[in-house]
Amino acid sequence: MVMQDGVPPLVGCMIGPWDHSFRALRATGECVIAVPTVDLATKVVEIGNCSGADIDKFEAFGLTPVSAKKVNPPLVAECLANFECRVKDDSLVDRYNMFVMEVVEAWVDPERKERRVIHHRGDGTFIIDGRVLDLKKKMVKWPAYVQ
Ligand SMILES: Cc1cc2nc3c(=O)[nH]c(=O)nc-3n(C[C@H](O)[C@H](O)[C@H](O)COP(=O)(O)O)c2cc1C
């Protein structure tokens, strides 16, 4: 989730301590958040039902690692967007498993045709991005947010 959209950009991520990702993030203080689109949905769920402690997920799911610019973990070439992150604040981890991370580099694939992302409803079902509702004219108090 977005925690600050200013400078620096911050995101919050709740990661279960049973996950390999949790241990890796604790140990290195770095990660890449890769944003998949709807065509990858089945793969996303399969990836979330196994552990990087047991298998190489890039190899097992035919994904392509690409070197990041500022962090050690790789980007995922097949994803629409990739955010290179560094842990900024781990004071909420013991209590809530919540990592506050600074996005130090962001990538979006301009070539990708499928751009609809998916939103997990918590039970294995997903909402897929759909119609755009344009209410820009009503954003009178927030001109900086309207492009
Ligand atoms: C759709 C889906 C959503 C998930 N969301 C989260 C989440 O928000 N936080 C979390 O810790 N685990 C989540 N999980 C579970 C992890 O993805 C799962 O434990 C995975 O095996 C962790 O892999 P790792 O051990 O390589 O880190 C989710 C799983 C699925 C299938």
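The values are calculated or read from the model by the stated rules, or taken from the named source; none is laboratory data. Only a predicted model underlies this, so the values are computations on that prediction, with no experimental measurement involved. Don't worry about glycine lacking a Cβ; one is built from the backbone with ideal geometry, like all the others, and counts go over all protein chains shown. For accessibility, only protein heavy atoms count, side chains too; no ligands or nucleic acids. Shrake-Rupley method; radii C 1.70, N 1.55, O 1.52, S 1.80 Å.
Heavy atoms only, probe 1.4 angstrom, no DNA, RNA or ligands counted: give me 135, 10 ranked by accessible area, highest first.
My answer, sorted largest first, is 135, 10.
The label point for residue 128 and the one for residue 146, both projected 7 Å from the Cα toward the Cβ, are 3.2 nm apart. Rolling a 1.4 Å probe over the heavy atoms of the protein chains gives the stretch 2-145 an accessible area of 70 Å² per residue. Close Lys pairs in the chain (alpha-carbon distance under 29 Å; sequence gap of 8 or more, or different chains): 14.
Within the stretch 66-124, the trypsin sites (Lys or Arg not before Pro) that combine a DSSP coil assignment with at most 13 other C-beta atoms in a 10 angstrom radius are 69, 70, 112, 113, 115, 116, 121. Estimated at 0.36 nm per residue, the fully extended path between residue 70 and residue 41 surpasses their Cα-Cα distance by 7.7 nm. Computed extension gain for residue 135 through residue 112, at 0.36 nm per residue and net of the alpha carbon distance, reaches 5.7 nm.
For the set 99, 22, 83, the ranking by accessible area, highest first and with no ligand, DNA or RNA atoms included, is 83, 22, 99 under a 1.4 Å probe. With an a/c value under 1.5 for the gyration tensor axes a ≥ b ≥ c computed over the alpha-carbon atoms, the stretch 51-130 is described as rounded. For the chain, modelled as a GNM with alpha-carbon contacts under 10 angstrom, which of 105, 114, 84 fluctuates the most? With Cα springs under 10 Å in the chain, the top fluctuation among 105, 114, 84 is at 114. Applied to the stretch 127-137, the Karplus parametrisation 6.51 cos²θ - 1.76 cosθ + 1.60 on θ = phi - 60° returns per-residue 3J(HN,Hα) values of 9, 9, 3, x, 5, 9, 9, 9, 10, 4, 4 Hz, with x for Gly and Pro. Only protein heavy atoms count here; under a 1.4 Å probe, residue 103 has an accessible surface of about 20 Å². Expressed as a whole percent, the accessible area of the chain that falls on carbon and sulfur atoms is 56 (1.4 Å probe). Of 27, 41, 106, the residue with the greatest mean-square motion in the GNM of the chain, using alpha carbon springs below 10 Å, is 27.
Cut-off 10 angstrom, C-alpha nodes, Gaussian network model of the chain. Which of 89, 19, 123 fluctuates the most? Of 89, 19, 123, the most mobile in the Gaussian network model is 123.
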